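Okay, here's the structure, questions in a sec.
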Amino acid sequence: MTADATAPLDRRWLVAGAAVAVAAVPMTFLGPGTDLDVGAVIRSGRTIVRDGEYLPSRAPGAPVHETAVGVLEWIGRTIGPNLGSLVAACALVAVLVVLLRREGVRRVELSVAVVVANPWFLVAATSTVDFLWALALWAGSALVLRARPTWGGAVGAGVLAGLAVGCRSSTAFLVAGLILAHALEPRASGGDDRTPPWLHALAAGAAATVVGLVLYVPSYRAADSSVAFAQNDVPTSSLFVQLGRFLVKDLYFVGPFAAVVLLFALPALARVLLRWRADWLVRLGLVTVLVSQVLFLRFPWKMGHLLPTLVGLALLLARALGDAPRTRLLAALVAAQLLYGAVNITLIEPDNPNAATGGELTFEPAWGALVTDVRCRNQDPDAWEGPGVARLDAVWDCAKPWAR
């Protein structure tokens, strides 16, 4: 925890990061992506920008992201919102680098590469989805709250957190986790040392609540001033089925190769978790993983829903493996995820891909998650336009990691 936060970044990592961003640009030309909501999000954005009315893309809405999509799509068609997601991805990476450097992590670039190398991160970074928009604002809130322990910093962090919730409503649970992690800090980390961190956390939470509530007033009014705007239509199954979907998709999120590496990293992770009371970074990573995993157990649906788990895990791994001689596991995890982007081994095949209640073990080589997504997008980049949802459903089915 003694790394110099003012030391210059390794130029090789800067070049590598720029190369990844440039390489991702062509994917933004392949339509808005394979997510089931992209068509509804674009139509919502058009209604906001062109008609001055608010029509939520799905309950309860995502007013900040939908508005941004409307503006960017008006400027650059579907490429605009995709490039917006790429900018959000770059912002998230930059904030994580600054945050980890500030917390004294020695192998910052390698730790952040764990996030960038995940194929679902790259898919989200080039699609019209809100995952990385919300995470970038949430991470920015965490950085401001940590780096500026003042009342002004707390309010600023709360505003960013509220905007994150406005991008994706479930981010409210991550914001609550951030507030809790900061409130448990035993002392202030600088600035106004006379004010306990829990008071700053409380101020940030209050500001986030106010901003978030204001942003969702249009959703409330669009539902005839009824709380029905917050109701979702995602069904639940038996606990056994929910748990099965949860575990299988956790596996497919990191891929079979990275899953093996993570098994070897478990002892180091277990040791670092013992420091959760004294280490803000460990506490934030742990709370983020727990909150996102509980949410995913309730809604084991899209792979992008697990991106907060990836960020939280990266924070924990940065502390657990960021110091020599254990960096080889970090490097192996980055390499394993890059490989998963190109090559996959199907280990579990569901009985019904859209509503699985069981599955069977298998061992079949297949294209990786990133290659599959690109191929499916390229087959029908205009699927979101319809008519109906059959074409987009077909693209969605095509892009699943267990699809044939």
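Please treat every number below as a calculation from the coordinates, not as lab data. Source: prediction; values computed, not measured. Don't worry about glycine lacking a Cβ; one is built from the backbone with ideal geometry, like all the others, and counts go over all protein chains shown.
So what's the convex hull volume per residue for the Cα atoms of the chain, in Å³?
Each residue corresponds to 141 Å³ of Cα convex hull volume.
Also, I was wondering about something else. Could you give the length gained on full extension between residue 277 and residue 328, defined as 0.36 nm per residue of separation minus the Cα-Cα distance, in nm?
15.6 nm
Name the most mobile residue of 241, 374, 282, meaning the one with the largest mean-square fluctuation, in a Gaussian network model of the chain with Cα contacts below 10 Å.
241
Using only alpha carbon pairs under 8 Å that are at least six residues apart, calculate the relative contact order of the chain and give it in whole percent.
Relative CO of the chain lands at 19 percent.
A further question on this structure: Starting from the 7 Å offset along Cα-to-Cβ, what nm value, one decimal, do you get for the label separation of residue 198 and residue 366?
Using points 7 Å along Cα→Cβ, the separation is 4.9 nm.
Scan around residue 348 for amide H atoms under 5 Å from its own, H built in the peptide plane at 1.01 Å from N, and keep only partners 5 or more places away or cross-chain.
362
Here is a follow-up. Please label the shape of region 315-396 as rounded, prolate or oblate, based on the square roots a ≥ b ≥ c of the eigenvalues of the alpha-carbon gyration tensor (a/c under 1.5 means rounded; beyond that, a/b larger than b/c means prolate, else oblate).
It is prolate, given that a/c is not under 1.5 and a/b is the larger ratio.
Taking amide H positions as placed in the peptide plane 1.01 Å from N, state which residues far from residue 148 in sequence (5 or more) or on other chains have amide H under 5 Å from it.
none
Select from 36, 25, 48 the residue farthest towards the positive end of the dipole of region 21-398; place +1 on Cβ of Lys and Arg, -1 on Cβ of Asp and Glu, and compute about the Cα centre.
Working it through, the farthest residue towards the positive pole turns out to be 25.
For the chain, which cysteines have no disulfide-compatible partner, meaning no other cysteine Cβ under 4.7 Å?
If one checks each Cβ against the other cysteines of the chain, 90, 167 turn up with nothing under 4.7 Å.
Further, regarding this structure: For each of 131, 240, 246, count neighbouring Cβ atoms within 10 Å of the residue's Cβ, then give the residues from fewest to most.
Ascending Cβ contact count within 10 Å gives the list 240, 246, 131.
If amide hydrogens are placed 1.01 Å from N in the peptide plane, which non-local residues have theirs closer than 5 Å to the one on residue 367?
Result for residue 367 returns 344.
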